């Protein structure tokens, strides 16, 4: 969870996980379409030429925590394909709850299992245990033919005896029910943690309610008002107010040596660099929990990177020798005050 003391707000991060095309984005599309604009933030997309991460903020109607603090949820999707595992792991970092969206089609059984195993591994890499994190299963596409029976999905996937919902995300069936369940489970865990810190008894948490209108027409994906962020500039990831009074913002900017490679006047193939540059910086709101993806040239089989602060001063220089057959380099930065 992320606590903004200036705004008296606690934000829980919920990640929608699952195989490609299982319906993760469709869930967010439906939720965004039917919720009151006053209770949700803008829909943001971090895109490269090969992958996309979506998220937006959502305020419940009836949730308070303690000492005047209110709760807010931030909903994320991750790329479904295992190929994009680095991005999936970075988006999953800091998650307070997970919705696993399974594709009910028979031909997707193995993909569901592989994605769930990938979730376990990536949670462990983030220091979390799938047995302990709030988890809800959604069995999507129940309106299609040749689908896996629910009891089989529970036997093969839901060995944790977690709550589950049958869904048809394109029609909104089971979508809000899934959201309410994962929000309630996540909130209960956060509330227990806060009350334990204050040495107080945990009060019963009422079901989480959102300001929705199910008769509202679903916005088509092509018409969604998505704010597409440049992957080249971290400062575009920030929407005011981001810093608390009395704190300094510390954006991180990655640059690289732009000299021609091998002296022949031609740059080598650009490599993708994923930089979680602003993860959990004090004084930032949750939109700093993003991935900066930047393509940098390789010069003479070396990757040279300068990390700079807001005053363009070099904080750290990195000079990595690379093997000639290197196809991809991933740098992960965890910056803290």
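The values are calculated or read from the model by the stated rules, or taken from the named source; none is laboratory data. Worth saying up front: this structure is predicted, and the values here are computed from it rather than measured. Reconstructed Cβ throughout: ideal geometry from the backbone, glycine too, with neighbour counts over all protein chains shown.
Out of segment 94-124, which residues are in contact with a helix residue (DSSP H, G or I) (Cβ under 8 Å, 6 or more places away or on another chain) and farther than 24 Å from residue 188 by Cα?
Scanning segment 94-124 gives 102, 103, 104, 109, 112, 113, 114, 115, 118.
Conditions tested, residue by residue: (1) touching a strand residue (DSSP E or B) at 6+ places or on another chain (Cβ under 6 Å); (2) modelled with pLDDT under 90; (3) assigned to a loop (DSSP other than H, G, I, E, B); (4) closer than 20 Å to residue 169 by Cα.
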| position | (1), (2), (3), (4) |
| --- | --- |
| 6 | no, yes, yes, no |
| 16 | yes, no, no, yes |
| 49 | no, yes, yes, no |
| 76 | yes, no, no, yes |
| 88 | no, yes, no, no |
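Return the residues of segment 90-127 that are assigned to a strand (DSSP E or B) and surrounded by fewer than 21 Cβ atoms within 10 Å (Cβ to Cβ); say none if nothing qualifies.
Within segment 90-127, 105 is the sole residue that qualifies.
Assuming residue 64 fulfils every condition listed in (1) at pLDDT 95 or above; (2) in contact with a strand residue (DSSP E or B) (Cβ under 8 Å, 6 or more places away or on another chain); (3) over 25 Å from residue 114 (Cβ atoms) apart from one, which condition is it?
Every listed condition holds for residue 64 apart from (1).
Give me the pairs, please: first residue somewhere in segment 19-48 and on the phi > 0 side of the Ramachandran plot and surrounded by fewer than 23 Cβ atoms within 10 Å (Cβ to Cβ), second residue anywhere and at pLDDT below 95 and in a loop (DSSP other than H, G, I, E, B), beta-carbon distance under 9 Å, and either six or more positions apart or on two chains.
Filtered contacts from segment 19-48: 21/80.
Among the residues of segment 190-216, count how many are modelled with pLDDT under 85 and either in a helix (DSSP H, G or I) or within 18 Å of residue 40 (Cα to Cα) (or both).
The number of residues fulfilling the criteria is 8.
Which condition breaks for residue 139 when tested against (1) part of a helix (DSSP H, G or I); (2) buried (at least 22 other Cβ atoms within 10 Å of the Cβ); (3) free of Cβ contacts under 8 Å to residues at least 40 places away in the same chain?
Single failed check for residue 139: (1).
Looking at segment 161-181 only, could you name the residues that are assigned to a loop (DSSP other than H, G, I, E, B) and in contact with a strand residue (DSSP E or B) (Cβ under 6 Å, 6 or more places away or on another chain)?
Result: 162, 163, 167, 174.
Tally the residues that are modelled with pLDDT of 95 or more and either in a strand (DSSP E or B) or in contact with a helix residue (DSSP H, G or I) (Cβ under 7 Å, 6 or more places away or on another chain) (or both), restricting the search to segment 30-42.
3
Taking the residues in segment 145-158 that are out of contact with any helix residue (DSSP H, G or I) (no Cβ under 7 Å at 6 or more places or on another chain), in a loop (DSSP other than H, G, I, E, B) and at pLDDT 95 or above as candidates, determine which candidate is farthest from residue 105 (Cα to Cα).
Residue satisfying both the conditions and the ranking: 158.
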